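Input: a single structure, listed below in structure tokens.
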Amino acid sequence: MVVYFHPWELDPDQPRIQEKLKSRLRHYTNLDEMTGRLENLLQAYSFQPFWELVGVGSDFTLPTTPETVRIAGE
């Protein structure tokens, strides 16, 4: 299982934007419950970095300069 969340999802007091109702519901509903949900996940399961799962190694670093970044197929 991969767990992904946005940092803003941990801030129930974030500024509210004026958007369509559907967007506001999707963005702000249950924000006050996110911290508890994350704590429950961390207590119930063990997690590991994705690089360990795929067996890359802890010394693996992502390329950061344009010269080292290659687009698939080049």
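The values are calculated or read from the model by the stated rules, or taken from the named source; none is laboratory data. It should be emphasised that the depicted structure is a prediction, and the values quoted were computed from it without experimental measurement. Every residue, glycine among them, receives a Cβ derived from its backbone with ideal geometry; neighbour counts consider all protein chains shown. When the accessible area is computed, the model is the full protein with side chains, heavy atoms only, and any ligands, DNA or RNA have been set aside. Shrake-Rupley method; radii C 1.70, N 1.55, O 1.52, S 1.80 Å.
For the reader, a short list of remarks on this structure follows.
- Counted residues, segment 1-30 - those being among the β-branched types (Val, Ile, Thr) and open to solvent by less than 70 Å² (accessible area, probe 1.4 Å): 1
- Pair list, Cβ under 8 Å, 6 or more apart: segment 5-19 residue closer than 23 Å to residue 42 by Cα, other residue modelled with pLDDT under 85: 8/14
- Some residue of segment 31-45 being assigned to a loop (DSSP other than H, G, I, E, B), at pLDDT 80 or above and either aromatic (Phe, Trp, Tyr) or open to solvent by less than 80 Å² (accessible area, probe 1.4 Å) (or both): yes
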